[in-house]
Amino acid sequence: MNTKSQKPAPVGFERGSEVRSLPPQALSGGQKSEKKHSKLQTPNLVPAGFKRGSTLIFILGGARSGKSAYALKLAESIADKRLYLATAQALDEEMAERIKKHKKERDNNWATIEEPVNLADVITKNKRYDVVLLDCLTLWISNLMSKKSGVRGLPPNASIGGQKSEAIYKNINQLASACKQSKATIIIVSNEVGLGIVPGNPLARQFRDIAGYANQKIAAAADEVYFVVSGMAMRMK
């Protein structure tokens with residue numbers, strides 16, 4: 001007789017549910033199983049009730065959450081003429097490598113514009129695309145903060161004061177307005193930066209505050225909002 005005590009099952013637990021939660025290849029093993037279930041890896045990502053054009057979709061999540069990959073697949077599933085609006089700048093080897101990796105993930109049906117600052121202008125002027133994927137909002141804010149300060153690579157004890165800070169908020173409002181006026185589907189990717197501890201220096205706290213404002217502004221303007229965790233997207237709006 002087995003006298004070892006067993007841990008109580010979680011509330012709502014059903015026997016066998018721990019098996020159903022595993023990926024198919026983990027159950028059967030081998031390349032044959034993985035090939036058999038390959039369709040599960042590329043689901044239909046078009047949101048229910050989606051209408052082509054004049055739609056703003058906001059996708060946010062933490063670092064390496066899978067938000068960019070989700071946004072890319074979503075864009076490719078709903079439109080033909082696609083524009084990738086990149087805000088990253090290859091200022092060092094690490095960022096250059098990241099940009100190179102992102103480019104490999106996109107097929108030849110994508111047009112790409114690299115614009116670190118003037119996003120509203122790009123969206124307003126480029127009217128021939130069905131979908132515009134902007135990746136990402138928080139890098140754009142970092143670019144704006146560096147531009148307004150006139151210093152590339154701000155020290156942690158620095159801050160953007162007064163009128164320069166207000167100019168950044170004005171840019172955020174202009175971007176939200178340009179997205180709503182566009183006839184294309186606009187998909188914006190951003191980082192959620194408010195779930196951790198309070199940053200330890202003035203510059204990081206200011207970045208968090210501005211990013212939080214930008215996320216709220218875009219979310220309020222968006223027709224649909226998704227929060228991505230571990231590659232899984234949850235619809236918030």
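Read the figures in this text as sums done on the coordinates, not as results from a lab. Just so you know, these numbers come straight off a predicted model, no measurement behind them. Methodologically, a virtual Cβ is constructed for each residue, glycine included, from the backbone with ideal geometry; neighbour enumeration extends over all protein chains shown.
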* **Least to most buried among SER190, SER230 (fewest other Cβ within 10 Å first)** => SER230, SER190
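List PHE58, PHE207 from most exposed to least, where exposure is judged by having the fewest other Cβ atoms within 10 Å.
On the way: PHE58 27, PHE207 20.
Least to most surrounded, the residues fall as PHE207, PHE58.
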* **Net charge of Cβ neighbours under 9 Å - reference LEU72; Lys, Arg +1; Asp, Glu -1** => -1
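Could you list VAL122, VAL132 so that the one with the fewest beta carbons within 10 Å of its beta carbon is first and the one with the most is last?
Working: VAL122 17, VAL132 25.
Result, fewest neighbours first: VAL122, VAL132.
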* What is the magnitude of the charge dipole of the stretch 193-237 about its Cα centre, with +1 placed on the Cβ of each Lys and Arg, -1 on the Cβ of each Asp and Glu, and no other charges, expressed in debye to the nearest 20? -> 80 debye
